[in-house]
Amino acid sequence: MEKVYSVSEFNRMVKSYIDDIDDFQDFYIEGEISNITYYKSGHLYFSVKDSKSQIKCAAFNYKMKRIPEDLKEGDAIKLFGDVGFYEVKGEFQVLVRHIEKQNALGALFAKLEKVKEKMAEKGYFDESHKKELPRFPKNIGVVTALTGAALQDIIKTTRKRFNSINIYVYPAKVQGAGAEQEIIKGIETLNKIEGIDLIIAGRGGGSIEDLWAFNEEEVAMAFFNSEKPIISAVGHEIDFLLSDLTADKRAATPTQAIELSVPEKESLIKSLDDKKIYLAKLLKSYLEDMKRELSIRMDNYHLKNFPSTINNYRELIVEKEEILTKSIKDFLEQKRHLFEVKIDKVSVLNPINTLKRGYSVSQVKNKRIDVLEDVEVNDEMTTILKNGRLISIVKEKIYEKNND
């Protein structure tokens with residue numbers, strides 16, 4: 001007799017069978033995580049796989065189970081859980097109760113977070129330390145792999161945007177052992193070349209393991225200490241690398257780094273042409289305004305009658321000149337008359353004129369004698385006449401009564 005089940009009956013039977021098998025409960029699975037999705041509902045869905053197979057997994061309320069919230073594609077994990085069978089869809093999956101990271105990358109991320117915190121506290125990510133990119137760089141230094149696609153993208157994009165810019169390349173390993181030291185050396189070397197205006201350091205895309213050199217603290221500090229403006233140009237979109245945080249600018253790809261730092265020559269030429277046209281229009285408009293202003297001024301009453309106004313002022317000047325001449329003449333005449341009056345007064349008082357009229361002047365010891373008390377008996381006395389002097393000795397003083 002054939003067995004016929006409904007879909008629900010069959011799925012219920014399968015679920016009961018799985019639930020009764022102890023090996024399907026409380027077990028560990030090791031593998032690589034993929035297709036990971038964190039939902040806002042608090043559930044986590046992903047697959048765990050190896051080289052041959054994969055299993056769907058679900059972690060409900062993963063935060064309550066202390067499951068890591070930074071699981072990434074490719075992480076090697078060890079999970080603990082039970083087999084689950086979803087009857088409604090007939091799907092088999094592992095119900096995860098715990099996840100433990102197994103790869104070294106998980107430890108690196110933990111270390112990276114500590115480094116980020118330390119560098120952030122010291123201000124290495126602050127905008128105040130960021131240098132402005134030159135507006136028109138002439139020489140650009142590039143630190144990247146010589147054979148990588150990143151360098152070709154940089155050269156191609158630069159030639160397309162502004163083909164006269166020079167590119168200095170420091171070939172460096174950008175992944176694997178020794179990459180950190182070569183990247184640092186490249187940045188330091190390009191900083192010593194005086195003509196370089198800007199440095200771009202980076203690589204094309206890859207897994208987080210491939211990009212990890214740019215997450216090393218020493219490399220990030222080389223970006224921070226660069227004296228020249230520097231762009232971190234590592235091909236990734238998911239998260240910021242440490243070098244992105246310390247560089248002056250971060251570009252998602254090497255191509256974008258050129259787009260950020262190199263202007264388009266054609267756009268500049270067009271902009272200049274537009275400004276030239278604008279200035280020509282502005283100048284033409286200004287000249288037209290000046291012509292109109294000149295025309296208005298030429299029609300101005302005062303300008304038209306300017307010659308007549310000048311003649312009127314000339315006549316006025318002649319009149320003022322005559323008035324001024326007469327005033328000066330009258331002033332001089334008045335002063336001349338006053339001068340003559342004073343001369344007459346001086347002449348009257350001049351002792352020479354007195355002597356000419358028959359008078360004399362007597363002195364003792366070069367002092368004029370006014371009264372008898374000014375002279376003593378036996379003093380030598382000098383008498384000044386109009387034509388000479390007499391020297392005599394005083395013999396006697398005779399006082400006479402003054403009738404006045």
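The values are calculated or read from the model by the stated rules, or taken from the named source; none is laboratory data. What you see is a predicted model; the values in this text were computed from it and never measured. All Cβ positions, even for glycine, are placed from backbone atoms using ideal geometry, and neighbour counts span all protein chains on display. For the accessible areas, the whole protein counts, side chains as well, though only heavy atoms, and no ligand, DNA or RNA atoms are used. Shrake-Rupley method; radii C 1.70, N 1.55, O 1.52, S 1.80 Å.
Using mean Cβ contacts within 10 Å as the protection proxy, how do 363-375, 327-339 order, highest first?
On the way: 363-375: 11.8, 327-339: 10.0.
Highest to lowest by the protection proxy: 363-375, 327-339.
Considering only Cα-Cα distances, which of the following residue pairs are longer than 21 Å: Lys56/Lys101; Lys40/Lys65; Lys130/Lys270? Walk me through the intermediate numbers first.
Values: Lys56/Lys101 18 Å; Lys40/Lys65 16 Å; Lys130/Lys270 31 Å.
With Cα atoms farther than 21 Å apart: Lys130/Lys270.
Could you name the lysines in cross-link range of Lys138, using Cα to Cα under 18 Å and dropping any fewer than eight places away on the same chain?
Lys156, Lys160, Lys192, Lys228, Lys265
Taking Cα atoms, how many degrees apart are the long axis of helix 306-349 and the longest axis of the chain, rounded to 10 and kept between 0 and 90?
40 degrees
Under the Karplus relation 6.51 cos²θ - 1.76 cosθ + 1.60, θ = phi - 60°, what is the ordered set of whole-Hz ³J(HN,Hα) values for the range 9-19, x standing for Gly and Pro?
4, 5, 5, 5, 5, 5, 4, 5, 5, 5, 5
What is the packing order of peptides 162-172, 60-70, taking the mean over residues of other C-beta atoms within 10 Å and listing the highest first? Show your work: numbers first, answer last.
Details: 162-172: 15.9, 60-70: 13.5.
In decreasing order of mean packing, 162-172, 60-70 become 162-172, 60-70.
Just the number please: accessible area per residue for the chain, 1.4 Å probe, all protein chains included, in Å². List each step's numbers first, then the result.
On the way: 28350 Å² over 404 residues.
Value returned for the chain: 70 Å² of accessible area per residue.
Just tell me which aspartates and glutamates come within less than 20 Å, Cα to Cα, of Lys173; anything on the same chain fewer than 8 places away is out.
Asp153, Glu182, Glu188, Glu209, Asp210, Glu216, Glu217, Glu218, Asp244
In debye, nearest 20, what is the charge dipole magnitude of the range 217-321 about its Cα centre with +1 on Lys and Arg Cβ and -1 on Asp and Glu Cβ, if you could check?
Values: 15 positive and 19 negative charges, 190 e Å.
Roughly 920 debye, rounded to the nearest 20.
Take peptides 30-43, 79-92, 183-196, 254-267 and line them up by average Cβ neighbours within 10 Å, highest first, as a rough protection proxy.
Details: 30-43: 13.4, 79-92: 15.1, 183-196: 17.1, 254-267: 18.8.
Those peptides, ordered most packed to least, come out 254-267, 183-196, 79-92, 30-43.
Please give me, ordered by residue number, the GluC sites (Glu not before Pro) of the range 108-145 that lie in loop per DSSP and have at most 16 other Cβ atoms within 10 Å. All intermediate terms of the calculation are to be shown ahead of the outcome.
On the way: sites: Glu113, Glu117, Glu121, Glu127, Glu132; in loops: Glu132.
Those satisfying the criteria are Glu132.
Given only helices, namely DSSP H runs of n ≥ 4 each adding -39500 (n - 2.57), what is the per-residue ellipticity at 222 nm of the chain, to the nearest 500 deg cm²/dmol? Show your work: numbers first, answer last.
Numbers: 12 runs with 171 residues, N = 404.
Dividing the helical sum by the residues of the chain leaves -13500 deg cm²/dmol.
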